[in-house]
1. Give just the number: which of (1) modelled with pLDDT under 95; (2) surrounded by fewer than 16 Cβ atoms within 10 Å (Cβ to Cβ); (3) β-branched (Val, Ile, Thr) does Thr160 not satisfy?
2. Of the residues that make up segment 139-154, is at least one within 30 Å of Arg58 (Cβ to Cβ) and in contact (Cβ under 8 Å) with a residue 24 or more places away in the chain?
3. Give segment 174-187 a look and list any residue that's crowded, with 17+ Cβ neighbours inside 10 Å, at pLDDT 95 or above and out of contact with any helix residue (DSSP H, G or I) (no Cβ under 9 Å at 6 or more places or on another chain), or say none.
4. With the requirement that a residue be under 18 Å from Ile268 (Cα atoms) and not in a loop (DSSP other than H, G, I, E, B), what does segment 205-218 give you?
5. State whether one or more residues within segment 84-100 are closer than 15 Å to Ile137 by Cβ and modelled with pLDDT of 95 or more.
6. For Gly111, work out the one condition from (1) crowded, with 21+ Cβ neighbours inside 10 Å; (2) not in a helix (DSSP H, G or I) it doesn't fulfil.
Amino acid sequence: MKIEIAEHCGFCSGVKNAVDMANAALDAYGRVAVLGDLVHNKVVVDKLKARGLVYVDRLEDVGEMPLLLRAHGTDAELVRKADALGLHLLDGTCPLVKEIHRHAKELENEGRQIIVIGDKDHDEVLGIVSRLRDYCIVSALSDLRACTLKSRTGVVVQSTQRLDGILKILPGILTRSRDCRIINTICEPTRRNQEEILALAKHNDCVLVIGDPHSANSRRLFTVARSLNGNSHMVAGVGDIDPDWFRDCASLGITAGASTPGYLIESIKEYVKNLNGDKTK
Ligand code: SF4
């Protein structure tokens, strides 16, 4: 069976930066605190915890440890409180997430009500709206019913959203808002992953999407793959793989979410190769 790995799959630049920062801080300080998930991958987090990364629920529990802010952004009020407590902050926020914060603020400064298209409970979305005064979060077209839209609006998008989902929501905004400025803030790594999964799912007999069940962008890749190729499966590790999936398959496409480390992708590729003893691309 031929195995094709999506060219840009796995760690995006933001996640890589946060994990590198965590490792450097652990080298320097021994113990480092983080509030919430640093990245959405249990394998990565468990490794860092074994090195001294400490998950805390409250700022009061940080103590003398440096506090690493996660890649997908942190509530603005929490950052203010951490500053006021004199905590040693290490900012692991992805520069592309900060760019969304800047765009949203810029639109707000133009006197616009901000519409954030994204998952309502996702930390990145909560981080964006925590910096705004007047906003609506919209995950689907039906959510617009609960928003009283103003005539001047501005739209930003959670970095890992699917473009086709956004295109379903925008007409609903444009019919109710006379002056709307849209900034497409889907990040470049997400765009590339979403383009690659289309080709991968179409021209392979089977598809594996490697990602943690808590990773929203991995789940989105899987949804796209499954819609195009019924023999698509999401796996967190080799233990989730059923060799029967590859029966009668001449080709396998592998991709991975933005928080999946390269070594996990490599170990799954090797595992499947050993099941088949075949060539890779
Ligand atoms: S998915 Fe995009 S915005 Fe989010 S951390 Fe990765 S590069 Fe940054």
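The values are calculated or read from the model by the stated rules, or taken from the named source; none is laboratory data. Because the structure is a prediction, the values reported are computed rather than measured. Don't worry about glycine lacking a Cβ; one is built from the backbone with ideal geometry, like all the others, and counts go over all protein chains shown.
1. (2)
2. Taking every residue of segment 139-154 in turn, none turns out to be within 30 Å of Arg58 (Cβ to Cβ) and in contact (Cβ under 8 Å) with a residue 24 or more places away in the chain.
3. Just the residues of segment 174-187 that are crowded, with 17+ Cβ neighbours inside 10 Å, to begin with: 177, 180, 182, 185-187.
Filter once more, so that each one left must be at pLDDT 95 or above: 180, 182, 185-187.
Scanning segment 174-187 gives no hits.
4. Cys206, Val207, Leu208, Val209, Ile210, Ser218
5. Applying the first criterion (closer than 15 Å to Ile137 by Cβ) to segment 84-100 yields 100.
Filter once more, so that each one left must be modelled with pLDDT of 95 or more: 100.
Yes - at least one qualifying residue is present in segment 84-100.
6. In the conditions (1) crowded, with 21+ Cβ neighbours inside 10 Å; (2) not in a helix (DSSP H, G or I), Gly111 misses (1) alone.
Residue-by-condition table, conditions (1) surrounded by fewer than 16 Cβ atoms within 10 Å (Cβ to Cβ); (2) within 14 Å of the ligand (Cβ to nearest atom); (3) without any contact (Cβ under 8 Å) to a residue 60 or more places away in the chain:
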{"site": "Met1", "(1), (2), (3)": "no, no, no"}
{"site": "Met21", "(1), (2), (3)": "no, yes, no"}
{"site": "Ala24", "(1), (2), (3)": "yes, no, yes"}
{"site": "Asp27", "(1), (2), (3)": "yes, no, yes"}
{"site": "Arg31", "(1), (2), (3)": "yes, no, yes"}
{"site": "Val34", "(1), (2), (3)": "no, no, yes"}
{"site": "Asp37", "(1), (2), (3)": "no, yes, no"}
{"site": "Val45", "(1), (2), (3)": "no, no, yes"}
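Every residue, every condition in (1) within 13 Å of the ligand (Cβ to nearest atom); (2) hydrophobic (A, V, I, L, M, F, W, C); (3) surrounded by fewer than 20 Cβ atoms within 10 Å (Cβ to Cβ); (4) within 18 Å of Asn217 (Cα to Cα), yes or no:
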| residue | (1), (2), (3), (4) |
| --- | --- |
| Val62 | no, yes, no, no |
| Cys94 | yes, yes, no, yes |
| Asp134 | no, no, yes, no |
| Asp143 | no, no, yes, no |
| Ala146 | no, yes, yes, no |
| Gly172 | no, no, yes, no |
